[in-house]
Each structure stands twice: as structure tokens, then as C-alpha cells.
Amino acid sequence: MTWNIHGGIGPDRCFDLSRIAALVARHRPDILALQEVDTRGRPVDCLAPLGAFDIAHLTEAKTMVVPDGHYGHVLYSRWPMRDVVLHDLSMRWHEPRMAIETRLETPFGPLHLAAVHLGLAIWERQRQVMALATIARRIGDIPTVMMGDFNDWLSFGRVRRTMAELLPERTRLRSFPAGRPMLSLDRIYCSRHATLVRAFTDLEAATASDHLPVIADIHLAMADARREPDWIDDTGVEVSLWG
């Protein structure tokens, strides 16, 4: 599951991470990437709701650190993380950016993973995706997943072309703006054909952020099927698995 939580501020302009935590909890992700986690100007315990997940391992990419807090993105995993590397993707005169790279030791074998939040400028993303390509090529036969907010809306731009060559399976859900999603900024990419089993989102997230989350089932070996709440599939049709 990847979700840009907009600093915990919903359309009502209220800071409320309990809404974020409740929605994440109902989907029970094994891997969770959250972007725009922001503690600046708030009490030190403001992130407490995000510490209540039943996900044992986490690592942070603090792209901005100031006296009254920090800002960045976080990667959670139910399984141990090995060889965590924070890659600086920052470009001069633009907001600092990082990618979190790690290797997860899952019950189905190792998984090479990267969580990202790319820049807003086209040329900025073009340079950043070349760094992601280097990360993706570095690992041999280990399945690779990259997830996060790619901030890319160009259908035939360099970001999509480069990522498609390296990680051919990807989600295609529209996730922004949450109230009336038009752009598929938030994505999950996979390295092997048919690794991505299905992808969906949750419309209730529009009450908590300006982005919708992207949630996917990824097949590594024998994954247990799960029943999910109401979701929207890649066609944009609302579906209920509860019948």
C-alpha cells in the first residue's frame, strides 16, 4: 500500500492522523509506504497514531529537518529489512527528495523494494528516474517492487517509458485529486510479468488526504487470498467483495 497522506491534513483542513491510521488498519498491508509525513510545528507525539500499526519494521527518509520537526516519507514492512539505503534524489533549488531502498526477507523469498516521492518539475523527475533505473538494475533475479508518489502525469514521458522497460507491471489507478481523481500519480511497479495480481483503492481516503491510496496484491509464491472492503478496480468501477 502506498499513500501520500498530505501531512495528515484532510479536505476539512484539520490535522488528524487517526483517520489515516484507521484506513490503513482496515486494509492490513504487509508493506506500507507513506509520503508527506510532517511533524513540523506539532507536538513530538503527533505521529502516535502511525505507530499503532501491526507492522514491526520501519525506516524513515527525513527530507527536511528543522528545529520544530521534520518532513519526509516512511516505509513499513511486516518482515525484516536488510541493507537499507537512503538515496538522495534532490535537485538544486527544488524540494529535497529521497528514495528508500531495502531488501525484505519475506516468507516467500527476498524482495527488492524501493519507496519513492519524486519531484514536481518534469526535468527533475527525468533525472530522478535515471537514478531509480540504476537501483532497479543493480539486483539480479530477485523480484523488485517500486512504490510511491511519482508525481508524473505524462502518458508517454521519460518516467513512464523508463519504468516500463525495467518494471513492466504497474498499477493504473487514478489517485489525485482524491475527491475527483484524474491523475495516476501514485503507483506500484513490479519487475516480473504477472507479479501484480490486482490493484484497488479506497474512496473513503478522500476524507483524510488529497490523494487516494494505491493498494495491490503481489504474487511472490503462494499468497493467501484476502477479503477486502469496498474498492475501486483499475477500470474505475466501484466493487464490493462482500457480495
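The values are calculated or read from the model by the stated rules, or taken from the named source; none is laboratory data. Since we're looking at a predicted model, the values are computed, not measured. Glycine also receives a Cβ, built like all others from the backbone with ideal geometry; neighbour counts cover every protein chain displayed. For the accessible areas, the whole protein counts, side chains as well, though only heavy atoms, and no ligand, DNA or RNA atoms are used. Shrake-Rupley method; radii C 1.70, N 1.55, O 1.52, S 1.80 Å.
Using all Cα-Cα distances in region 59-144, what percent lands in each 10 angstrom bin from 0 up to the longest? For region 59-144, the pair-distance distribution reads 16, 44, 30, 9, 0. Normalising the average separation of contacting C-alpha pairs (under 8 angstrom, six or more residues apart) by the number of residues puts the relative contact order of region 96-154 at 39 percent. In sequence order, region 18-24 has phi-based couplings of 5, 5, 5, 4, 5, 5, 4 Hz under the Karplus curve 6.51 cos²θ - 1.76 cosθ + 1.60, θ = phi - 60°, and Gly or Pro positions carry x.
Rounded to the nearest 20, the size of the Cβ-charge dipole of the chain about its Cα centre is 640 debye, with Lys and Arg at +1 and Asp and Glu at -1. Once the gyration tensor of the Cα atoms in region 148-205 is diagonalised, the equivalent ellipsoid follows with semi-axes of 20, 15, 7 Å, ordered largest first. For Ala208, the amide hydrogen comes within under 5 Å of no other amide hydrogen, counting only partners 5 or more places away or on other chains and with H modelled in the peptide plane. When you restrict to C-alpha pairs under 8 Å that are six or more residues apart and normalise by the size of the chain, the relative contact order lands at 18 percent.
Between His70 and Thr39, Arg40, the built amide H atoms are under 5 Å apart, and every one of these is 5 or more places off in sequence or on another chain. Accessible surface area normalised per residue over the chain is 48 Å², counting heavy atoms of protein chains with a 1.4 Å rolling probe. If each of Ala121 and Leu203 carries a label point 7 Å out from its Cα toward its Cβ, how far apart are those two points in nm? According to this spin-label approximation, the distance is 3.9 nm.
For the residues His112, His94, His27, a GNM of the chain with alpha-carbon springs under 10 Å puts the largest fluctuation on His94.
Across Thr39, Thr134, Thr63, mean-square fluctuation computed from a Gaussian network of the chain (C-alpha pairs under 10 Å connected) peaks at Thr134. The GNM of the chain, with springs linking C-alpha atoms under 10 angstrom apart, assigns the highest mean-square fluctuation among Val66, Val84, Val74 to Val66.
The charge dipole of region 67-189, taken about its Cα centre with unit charges on the Cβ of Lys, Arg, Asp and Glu (plus for the first two, minus for the last two), comes to roughly 400 debye. Surface composition of region 1-109: carbon plus sulfur atoms contribute 55% of the solvent-accessible area (1.4 Å probe, protein chains only, all chains present). Backbone geometry of region 59-69 corresponds, through the Karplus equation with coefficients 6.51, -1.76 and 1.60 at θ = phi - 60°, to 3J(HN,Hα) couplings of 9, 10, 10, 7, 7, 9, 10, 10, x, 9, x Hz, x marking Gly and Pro. Database remark: amide H of Arg198 closer than 5 angstrom to the amide H of Asp217 (H placed geometrically; neighbours at sequence offset of 5 or more, or on other chains; Pro and chain starts carry no H). Taken over the Cα atoms of the chain, the convex hull encloses 127 Å³ per residue. Residues in region 36-53 carry Karplus couplings, in order, of 6, 8, 9, 10, 5, x, 10, x, 5, 9, 5, 8, 3, x, 7, x, 8, 5 Hz; the curve used is 6.51 cos²θ - 1.76 cosθ + 1.60 with θ = phi - 60°, and Gly or Pro positions show x.
Ordering His6, Gln128, Met182 by the projection of their Cα atoms onto the charge dipole of the chain, which places +1 on the Cβ of Lys and Arg and -1 on the Cβ of Asp and Glu, puts Gln128 at the extreme positive end.
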